Amino acid sequence: METRLMPQEKRWILIFGLVVMTLTTLPYLLGYARQGSTWTFTGTVLGVEDENTYLSDMVSGSAGAWLFQTPYTPYPQQSSPIFLPYILLGKLAAGVGLHEQVAALFHIFRFLAGMALIWATYDFLALFVRSVRWRRFGTFLATLGGGLGYLILLSGKSTWFGSLPVEFYSPEAFGFIMVYSIPHLALARALMLWGLRAFLLAAEKTGRARVLASLGAGGLWLLAGLAQPLTGMIAGAVPVMYVALTGGWQAWRAFHHQPAEWQRWRSTLIAGLLAGCVAGPLAVYNALSFQLNPVLKAWNAQSAIPAANPVLYLLAYGLILPFSVLGALRLARAMSWQAVFLGGWAICFTAAMYIPFALQRRLIDGVWVALVTLAVLGLEQAETGWLSRHSLRWVPGALLGLSLPATLLLWLGGLLTAYRPAAPAFIPATEAQAFVALGKLAPVNAVVLSAPGTGNPLPAWAPVRVVVGIATLSVNYDSLMPQVKEFFTPGTPEATRQALLNTLGVNYVFWGPAERAMGKWDPRLARYLKPVYTQGDYMILQYQPVG
């Protein structure tokens, strides 16, 4: 089962990865080229609110943090070993131009994580697909392919069944969004795929070789869990599913007096248990943290990302699904254990998206790669079979072409966003200057009261905490928002304003266009707020409690 890549394969992976990651970097380079005296580029073009939070983790690391604490809440919190890649990368940034440094480090990380995911995808495919040409085809499809969701947009609609097509917002469903904009997810998937590959190979070994290979698989899943906790858990759950399905299968065979491969099953079980000994403790710790840590628990509750309607996933995967089924049937005849692994993963984890769970959508992570692997096996067989007999050799190329429009639309959308400076991918240059000034004025982790539109990018520029900045990470966001609005509303009693500042431990009030839009109250009238920075439409006021 084990395969070693030939030098020309490695060369192709490197060239393909460099081309893909260079193309995904162009929108960001354009964004920096388009900023000027009026607008400052945030460094992101897709999912800007979320990506600001990743940059803020890097700023926290630069300011001294070694573990994660969200800067999007004023409440006390326990540190957690999540988002470690960002925090550790932040250690490389300091001094003048902090935001520019963390943005550059973010994209270096994105570039390298994307390269790793492309390599891991090829490695995973190579475990099942013998043809080099089809391995390349599968890697291309898994990295850049999408579904037919763009047909919804072409029909004149933007949503269907209450949701955008999954190709345009769900990084777990495919692969391009990860390499384009979310490096920790790309890294986590790469480590998961390498870990699953190592697990399958370990199950075929014996003695000391099996032990070492299994521990190596567990180490990869452990690293995946440090990059993205839920991906690490999925990496461990897939082998559990595999052991359960193959165990049930062997029991059924034994019950029907057919030869059962219990020795192979035991070897698989041992490999899974050894790997679990390495990665399991972190998975248990993370699971308990999200139940017992008040801030993480609130984040989990506020971060509900339900799975889309099944019809949207059928539209997304329907293009390759017939070939995936054909590949599964082919694999079942030739290598039935591998068929159980890939087919079980695709079926069980797609179904698992609909169990009552806040992060339903995340459970499909990696299923796309399993489906592509099966589809490549099906296409490979069909090419020499009915596709050849019916002069349909063009079908694989057509399938690839039909899978690219969604990716192309995302990439062109990023270029357009970068070319036309506007919020949220850009912020006013005077606002960026105010953020930098606050970073110099305020001590680390000072609490700032502002509008959420200000509070979202602010921690990505200065190592401060905000009251509200993003609905998922700002604890009690729904209850705090009316209080923040009331703070900036004329007629609010001063005692109410001071009570809010005292309760939340606020040190500074940020006053700019977003805050003025919430209410016309002038904070300069309050004797407990002292202006410490003024530039254009922006003012920073320090809270000085008075009796």
Contact order relative to length of the range 137-229, as percent, for alpha carbon pairs under 8 angstrom and 6 or more apart: 23 percent
Descending Cα extents along the principal axes, the range 206-340, whole Å: 54, 44, 26
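So if each residue of separation counts as 0.36 nm, and I subtract the Cα-Cα distance between residue 32 and residue 441, what length gain in nm does that give?
Length gained, residue 32 through residue 441: 144.6 nm.
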The range 45-62 - phi-based ³J(HN,Hα) in whole Hz, Karplus 6.51/-1.76/1.60, Gly and Pro as x: 10, 9, x, 4, 4, 5, 5, 4, 5, 5, 5, 5, 5, 5, 4, 4, x, 4
Set of the range 12-27 residues, backbone N closer than 16 Å to the point 7 Å along the Cα-Cβ line of residue 3: 12-14
Relative contact order for the range 412-511, counting Cα pairs under 8 Å that sit 6 or more residues apart, in percent: 25 percent
Hydrodynamic radius (Kirkwood) for the chain, which is based on Cα pairs only, to one decimal in Å: 25.2 Å
Charge dipole of the chain about the Cα centre (unit charges at C-beta), most positive-ward option of 215, 334, 242: 334
Cα-only radius of gyration and Dmax that characterise the range 8-73, units Å: 16.5, 51
Given charges at beta-carbon only (K, R positive; D, E negative), |dipole| of the range 115-258 in Debye: 460 debye
Relative contact order [Cα under 8 Å, 6+ residues apart], the chain, whole percent: 20 percent
Average accessible surface area per residue within the range 52-194, 1.4 Å rolling probe, Å²: 31 Å²
Stokes-Einstein diffusion coefficient of the range 266-409, Kirkwood radius over Cα pairs, 10 °C, 1.306 mPa s, in µm²/s: 88 µm²/s
Total charge dipole magnitude, the chain, about the Cα centre, Cβ charges on Lys, Arg, Asp, Glu only, Debye to nearest 20: 1060 debye
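Tell me the per residue accessible area of the range 253-322 using a 1.4 Å probe; a whole number in Å² is fine.
54 Å²
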Cβ crowding within 10 Å averaged over residues, with 217-224, 161-168, 487-494, 133-140 ranked highest first: 217-224, 133-140, 161-168, 487-494
By average C-beta atoms within 10 angstrom, highest first, the peptides 70-76, 450-456, 90-96, 528-534: 450-456, 70-76, 528-534, 90-96
Accessible carbon and sulfur surface of the chain relative to its total accessible area, %, 1.4 Å: 66 percent
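The values are calculated or read from the model by the stated rules, or taken from the named source; none is laboratory data. Computed from a predicted structure; not experimentally measured. For neighbour counting, all protein chains shown are included, and Cβ atoms are generated from backbone atoms with ideal geometry for every residue, glycine included. Only protein heavy atoms, including side chains, enter the accessible area calculation; ligands, DNA and RNA are left aside. Shrake-Rupley method; radii C 1.70, N 1.55, O 1.52, S 1.80 Å.
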